[in-house]
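J.: This is the structure I have questions about; it appears just below.
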Amino acid sequence: MQNSHSTPSAKLGKTKLFGLILGPVLFLIFLVSPAPEGLPEQGKLVAGITLWLVVWWVTEAVSIYATALLPLALFPITGVLSLRVVGAEYMSPIIILLLGMCLVVLAVEKSGLQRKIAFGIISIFGYSPKRIILGFMICTALISTVIMSTTVAILIIPMVFSILSLLSDNGIKVSTKFKVMLLLGVAFSSSIGSITTLIASPPNLMYAEIVHELFDKTITFGAWSSVAAPLAFTMLMISIIYFTSQVRKEQMDEMLIKKIIVAEKEKLGKITGEQKASLIILIFVLVLMFAAPYWAGDDSYIETAVIAILGGVSLFVIPKNRTEKFLNWSDVQKVPLGVLFILGAGISLSLAFTTSGLADYLGTKLSVLSILPFPVIVIIIVSITMIIGNTMSNTATAAIFIPVVASMASINHWPPLPFLAAITLSSSLAFLLPMGTPPNALVYEKGKIQINEMIKNGIVLTVFAIIMISVFTIFLYPLLLPDIS
């Protein structure tokens, strides 16, 4: 009996030890080896550092959050980037935006409003394991169409834990499988929903900006949604079918769950003044962020990150009653700093790829694909983007691949707008590793989900995403986007 339990642990220990050694060894091999023709010396070093990070992230040889801090040391040591430059990437506007929204959502969570919302979701969709997953995935995807997926995940995940804790406290056995499927369903549906509109994901905005700069074409909200919404709907349906099918054999007393939920809703009572106020502050911050392009001038320093952090800091000042503020400094301990470190690592990698010449080198090498039929090229590029998109943030992936592929498309006379749309969408649909998207990192950190669980379930959706993005790019997007090749 003892051996059966110790064997998986021993295997896991060996994997971590192997990864612990392999990462630095790969870097040292790149360090002492001559750079391939056409690749600058710094580009070779960035490739070696990237492999080191990826190996440690995948094997969890070291905490993935500690690994995310490596670029702060390795880039200055190798002379790729100075500490001042790398450090700035760890406090970039995107990270400031996430930090501010974490604080704002923390006030909502502290008020207990998320429990009322969670019970409302279940009441609408039903009380079986399949219906609970269905309800949370649809709700998450819908909200993610107008709010950044990270913010949505920060808001929804505490609701999931509220439900799971309530069921466990009332004697209902919650299986690990149900918990994993529910949390992954929330994380993945937030990413799927975020591709629907321009404002819901940074890569979408990056696509519109680069298309305008390179091709002098304006991508409107409607044009982007006509491209992305059909894919989002299709992927959401596939995801729902997959995750609900995984719990079809789960047996939970629906009548007892309904009784517990109804009783808890009544116990919570009507919405309190604190809950109303925290919700109003959240909505106010979101409205200001959404409308910023309309009220802030083009030459203004005010951007969404400024609004988010100001909203977060204001909660340390605004009173929720006569004696307390909405937040105090002890609440900051609940902010997922590890997620911010992962994002910082991804963004700094993106900068290193660009400045070292590695991105240009890869773009040139990928141009050999021009001898292949266009559908095959699409499948290969989409697959590469999705695989690499799982090792760094979706923003970093888009930042690297959109300019590279735009250059490739121009050189090889491929239709650039559909191709770049495919790259943008691929970078956001990362389902394999915590590093791919902040929602993935959040469920990994808060839900204690093993990486092998994420990979095992994410690989199925990754295959479907590659197929669907490729099909849409080949057949639908050329009809929706102008041909400017």
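The values are calculated or read from the model by the stated rules, or taken from the named source; none is laboratory data. The structure displayed is predicted, hence computed values, not measured ones. All Cβ positions, even for glycine, are placed from backbone atoms using ideal geometry, and neighbour counts span all protein chains on display. Note: accessible area is taken over every heavy atom of the protein model, side chains too, but ligands, DNA and RNA are not part of it. Shrake-Rupley method; radii C 1.70, N 1.55, O 1.52, S 1.80 Å.
J.: Go through region 274-303 residue by residue and tally those that are part of a helix (DSSP H, G or I) and either at pLDDT 80 or above or farther than 23 Å from Thr197 by Cα (or both).
T.: 14
J.: Report, by residue number, each residue of region 20-62 that is part of a loop (DSSP other than H, G, I, E, B), within 17 Å of Ser350 (Cα to Cα) and open to solvent by 50 Å² or more (accessible area, probe 1.4 Å).
T.: Pro40
J.: Give region 355-378 a look and list any residue that's touching a helix residue (DSSP H, G or I) at 6+ places or on another chain (Cβ under 7 Å), within 30 Å of Ser82 (Cβ to Cβ) and open to solvent by 20 Å² or more (accessible area, probe 1.4 Å), or say none.
T.: Tyr361, Leu362, Leu366, listed by residue number.
J.: Hey, among Ser165, Ser144, which residue is free of Cβ contacts under 8 Å to residues at least 60 places away in the same chain and out of contact with any helix residue (DSSP H, G or I) (no Cβ under 7 Å at 6 or more places or on another chain)?
T.: It is Ser165.
J.: Looking only at region 259-273, count how many residues are outside any helix (DSSP H, G or I) and open to solvent by 80 Å² or more (accessible area, probe 1.4 Å).
T.: 1
J.: Considering only region 188-195, I want to know if a residue exists there that is out of contact with any strand residue (DSSP E or B) (no Cβ under 7 Å at 6 or more places or on another chain), assigned to a loop (DSSP other than H, G, I, E, B) and modelled with pLDDT of 90 or more.
T.: Yes, region 188-195 contains a residue that is out of contact with any strand residue (DSSP E or B) (no Cβ under 7 Å at 6 or more places or on another chain), assigned to a loop (DSSP other than H, G, I, E, B) and modelled with pLDDT of 90 or more.
J.: In the list Thr151, Thr145, which residue meets the criterion of being not small (Gly, Ala, Ser) and not in a loop (DSSP other than H, G, I, E, B)?
T.: Result: Thr151 is the single residue among Thr151, Thr145 that is not small (Gly, Ala, Ser) and not in a loop (DSSP other than H, G, I, E, B).
J.: While we're here: Could you check region 425-485 for helices (runs of 4 or more DSSP H) lying wholly inside it with 1 or more residues that are at pLDDT 85 or above?
T.: 438-447, 451-471
J.: On to the next question. Going by the structure shown, is Val378 out of contact with any Cys (no Cβ under 9 Å at 6 or more places or on another chain) and in a helix (DSSP H, G or I)?
T.: Yes.
J.: Quick one: Ile387 ticks every box in (1) surrounded by fewer than 24 Cβ atoms within 10 Å (Cβ to Cβ); (2) out of contact with any Ser or Thr (no Cβ under 9 Å at 6 or more places or on another chain); (3) of a type in the set (A, V, I, L, M) bar one, so which box is it?
T.: The one condition Ile387 does not meet is (2).
J.: Okay, moving on. Return only the number of the condition from (1) crowded, with 17+ Cβ neighbours inside 10 Å; (2) over 20 Å from Val443 (Cβ atoms); (3) among the polar types (S, T, N, Q) that Ser123 does not satisfy.
T.: With (1) crowded, with 17+ Cβ neighbours inside 10 Å; (2) over 20 Å from Val443 (Cβ atoms); (3) among the polar types (S, T, N, Q) applied to Ser123, the lone miss is (1).
J.: Follow-up question, since we're still on this one. Within the set of pairs 6 or more residues apart or between chains, which connect a residue that is under 17 Å from Ser201 (Cα atoms) and open to solvent by less than 50 Å² (accessible area, probe 1.4 Å) inside region 295-306 to a residue that is of a type in the set (Val, Ile, Thr) and at pLDDT 75 or above with Cβ atoms less than 6 Å apart?
T.: Pairs found: Ala305/Ile96.
J.: Still on this structure: Assess whether Val174 counts as being more than 19 Å from Met101 (Cα to Cα), outside any helix (DSSP H, G or I) and either of a type in the set (Val, Ile, Thr) or open to solvent by less than 30 Å² (accessible area, probe 1.4 Å) (or both).
T.: For Val174, the condition - more than 19 Å from Met101 (Cα to Cα), outside any helix (DSSP H, G or I) and either of a type in the set (Val, Ile, Thr) or open to solvent by less than 30 Å² (accessible area, probe 1.4 Å) (or both) - is met.
J.: Just one of the numbered conditions (1) of a type in the set (A, V, I, L, M, F, W, C); (2) more than 28 Å from Ile219 (Cβ to Cβ); (3) surrounded by fewer than 22 Cβ atoms within 10 Å (Cβ to Cβ) is not true of Ile411; which one?
T.: Against the list (1) of a type in the set (A, V, I, L, M, F, W, C); (2) more than 28 Å from Ile219 (Cβ to Cβ); (3) surrounded by fewer than 22 Cβ atoms within 10 Å (Cβ to Cβ), Ile411 comes up short only on (2).
J.: Give the number of residues within region 63-89 that are modelled with pLDDT of 90 or more and open to solvent by 10 Å² or more (accessible area, probe 1.4 Å).
T.: The total comes to 18.
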